[in-house]
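Quick notes on the structure that follows.
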Amino acid sequence: MTPLPEKDDGALRLLVVNPNTSEDMTHGMEQAIASMNLPHSLNITMYTAPLDSGSPASINNADDIETSAQAVWKHMRDTHVLERNYHGVLIACYSSHPLVSRIAGHYPSIAVTGIFEASIVAALPLLRRTSPRDSSGGGGWGGGWGGGWGIVTTGQFWEDHLASAVREFLGDQKANVNRWFRGVFTTGLNAGDFHGDVSPETVMDKLTQATKRLLQDGGVDCVIMGCAGMAGLEDIIRSAIKAEYGEHQAKNVYVLDGVRAGVEVLGNMVKMRRMFLPLQA
């Protein structure tokens, strides 16, 4: 990680945390962030869980989530990473990751979010919500278009994990009560598969099929890429949208990368904390 100045120099300093040990995945995220039109005053540092930390190379289930949280938390505490004048921390694992609440609880002066939470915050204002689901129960959309959103991600575990996490984040107490959320659709791949573990042709086919399943009922305004390892694969999803909806309508569908959305949302969190919290003595 790049050393940071000890005093406030006016820059906005964000730490992007990859809680697994894959440097390839971190590099993919770094490239996605580099493609953004960010101000020079925004200083971003990338963090990857060390190979000897005990964190997994790919986070694929509940045990991996917890193991990565404990390993990264211990390393950060031992090395005082979070005491280097960061204004915000982004946890770049698309899950309900314990590091978000743990860091927020121990470092209240730092803005913290995960790419999962940030992607929802970014997606909701983009939805047109002009056509509620047909009340006849036929599953179609009548009279208009839009309002729906969903997540395309990796393995089977994430369907229940993320669907439950969405409900909890939005404050829904019962299953299937959110009329706009279409669900979680999986590719059957692991996060590492997007970085060379399987052929590009397999990645394209699996990602295309998962996207089409999300789109099949119509009316989807936003497809969220539910894995940090998907950074840079937007074109595959856009091609699937064109095939399913036609080129004209596909132009109105957002493909949202959680990493880039996370950087934008986190930067705004820092600014809004400064704007709306009382001045500190």
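Tallying residues that are small (Gly, Ala, Ser) and modelled with pLDDT under 95 within the range 227-242 yields 4. If only residues of the range 78-95 that are of a type in the set (A, V, I, L, M) and in a strand (DSSP E or B) are counted, the one that is surrounded by the most Cβ atoms within 10 Å (Cβ to Cβ) is Ile91.
Filtering Asp221, Asp197 for residues that are charged (D, E, K, R), within 26 Å of Ser96 (Cα to Cα) and in contact with a Phe, Trp or Tyr (Cβ under 7 Å, 6 or more places away or on another chain) leaves a single hit, Asp221. Regarding the range 12-32, can at least one residue be identified that is among the basic types (Lys, Arg), farther than 22 Å from Arg260 by Cβ and over 18 Å from the mean Cα position of the chain (by Cα)? Scanning the range 12-32, I find no residue that is among the basic types (Lys, Arg), farther than 22 Å from Arg260 by Cβ and over 18 Å from the mean Cα position of the chain (by Cα), so the answer is no.
Answer yes if at least one residue in the range 245-255 is in contact with a Gly (Cβ under 7 Å, 6 or more places away or on another chain) and crowded, with 17+ Cβ neighbours inside 10 Å, and no otherwise. Before the answer, list the steps.
Initial filter on the range 245-255 (in contact with a Gly (Cβ under 7 Å, 6 or more places away or on another chain)): none.
No, the range 245-255 contains no residue that is in contact with a Gly (Cβ under 7 Å, 6 or more places away or on another chain) and crowded, with 17+ Cβ neighbours inside 10 Å.
Every test in (1) modelled with pLDDT of 95 or more; (2) crowded, with 18+ Cβ neighbours inside 10 Å; (3) not in a helix (DSSP H, G or I) is passed by Asn60 save one, and that test is (1).
The values are calculated or read from the model by the stated rules, or taken from the named source; none is laboratory data. No experiment lies behind these values; they were computed from the predicted model shown. Neighbour counts run over all protein chains shown; Cβ positions are idealised from the backbone, glycine included.
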